[in-house]
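Q: Quick one: the structure is below, and I'll ask about it shortly.
Just so it is clear, none of the values below were taken in a lab; they were calculated from the coordinates. Keep in mind it's a predicted model, so treat the numbers as computed, not measured. Cβ coordinates were reconstructed from backbone atoms using ideal geometry, including for glycine residues, and neighbour counts include every protein chain displayed.
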Amino acid sequence: MKLVYEIVILYYDAWEYCVKKVLRLRLEKSSLLISLIYYYGYLFWAKLLTRGSKRIVVLIYHSIGEGMLQEEDRLGLNLSTHVFEWQMQYLIKQKRSKIISIQEAEIILAGRYSEPGIDTYYLFSFDDGLKNFKSKVVPLLEQYHVPVLLFQIAHPLLKTEETYLRSRYGSDYTTKWRLMDREEIQAVSHSPWVSIGSHSLTHSDCWTDHLEEELQGSKRLLEEATGKIVNYFSCPYGMVREKVLLAAKKFGYKRVFTSICNWNSFRGSTNNRYTVNRIEISSFDGALKFKLKINGAYNWKRFLKSHQILP
Ligand SMILES: [Zn+2]
């Protein structure tokens, strides 16, 4: 009887695996098709009609490094070092564009600076603040002179990291997703290529009852540890709602970064919105999808409700 049961389970697992694989492939292909139509249909004409407008494209990364197994990274958050390095090199070589720091972005958004011949500015951002940020990312930033805005989860400054990981991933978390500790956060904050923002205290979503502690507590802890003012907040899971924006303003954040897949377009100083859109880069993205993403072909995803919870 046990054998029959095991065979049934095995068949069920195999069937489920195949269905999911096909569905994912179908989803991938259909979203690629929509993106191509969006890019060559809408965006081509939109760009012609809005000539002279500029954009800041903010990219989201999480983890960089080798040795991550597929089943440990179902969300595609970990890029290999050479892929990340290739993406940096690719953006550095782009014509009519420039990689900027958050400080330069502020000056540009305030309309106080404009470089002739440049219409796209890229800003790198990292969420979570994992250990491999210090070991893998910072050396590349120093090598290529690329600035990054790091949104750090402040929890390691408060309790032991193990408590946090267990609460987030359950007992089967792997050591590869470990956050930087106090010393590491302090060390990276001293790099001239790294600016620190907050990614909350415990990575709770925006429906938490402890919103004040997540926003205010994390800001205070990060400022105490780094000795620098923390002006920016990125919402865990990319979710944002009116209540979060009001609380962020109240506690002195200059801007809130979302995961709404879009550019931040502006003419002169006309885009001074409190929320900043960002485009997530995944390890599932090949070279073509990466190029399409940074060129705005996936901006239609901003209409998907799963990517945004705005009022
Ligand atoms: Zn996160």
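Q: How do 59, 27 rank when sorted from fewest to most other Cβ atoms within 10 Å of their own Cβ? List each step's numbers first, then the result.
A: Numbers: 59 20, 27 10.
Ranked by crowding around the Cβ, least crowded first: 27, 59.
Q: Counting other C-beta atoms within 10 Å, which of 106, 224, 280 has the fewest, and how do the rest follow? Intermediate results must be reported in sequence, preceding the final value.
A: On the way: 106 17, 224 10, 280 21.
With the fewest neighbours first, 106, 224, 280 line up as 224, 106, 280.
Q: In which sequence would 278, 241, 74 go, from the one with the fewest C-beta neighbours within 10 Å to the one with the most? Intermediate values should be presented prior to the final figure.
A: Values: 278 23, 241 16, 74 7.
With the sparsest Cβ surroundings first, the list reads 74, 241, 278.
Q: For the range 289-303, just list the computed ³J(HN,Hα) in residue order, Karplus coefficients 6.51, -1.76 and 1.60, θ = phi - 60°, integers in Hz, with x standing in for Gly and Pro.
A: 5, 4, 5, 5, 4, 5, 8, x, 5, 9, 5, 4, 5, 5, 7
Q: Each residue of the range 96-102 in order: what ³J(HN,Hα) in whole Hz does its phi give by Karplus 6.51 cos²θ - 1.76 cosθ + 1.60, θ = phi - 60°, with x for Gly and Pro?
A: 6, 9, 8, 8, 10, 8, 5
Q: Could you tell me whether the range 115-155 comes out rounded, prolate or oblate from its Cα gyration tensor? Rule is a ≥ b ≥ c as square roots of the eigenvalues, rounded for a/c under 1.5, then prolate if a/b exceeds b/c, otherwise oblate. Intermediate values should be presented prior to the final figure.
A: Values: a/c = 4.44, a/b = 1.78, b/c = 2.50.
Since a/c reaches 1.5 but b/c is at least a/b, the shape of the range 115-155 is classed as oblate.
Q: Among 253, 70, 264, flag the residue with its Cα farthest along the positive direction of the charge dipole of the range 54-307, charges on Cβ as +1 for Lys/Arg and -1 for Asp/Glu.
A: It is 264, whose Cα lies furthest towards the positive end.
Q: Further question on the same structure: Give the aspartates and glutamates reachable from residue 291 as a straight Cα distance under 14 Å; neighbours fewer than 8 places away on the same chain don't count.
A: Output for residue 291: 280.
Q: Can you pick out the pairs among 54/254; 54/289; 93/136; 47/219 whose Cα atoms lie more than 28 Å from each other?
A: Details: 54/254 21 Å; 54/289 22 Å; 93/136 22 Å; 47/219 38 Å.
Correct reply: 47/219.
Q: Using θ = phi - 60° and the Karplus form 6.51 cos²θ - 1.76 cosθ + 1.60, what ³J(HN,Hα) does each residue of the range 248-265 get, whole Hz, x for Gly and Pro?
A: Whole-Hz 3J(HN,Hα) from phi for the range 248-265: 4, 5, 4, 8, x, 6, 6, 8, 10, 9, 10, 10, 6, 6, 6, 6, 10, 8.
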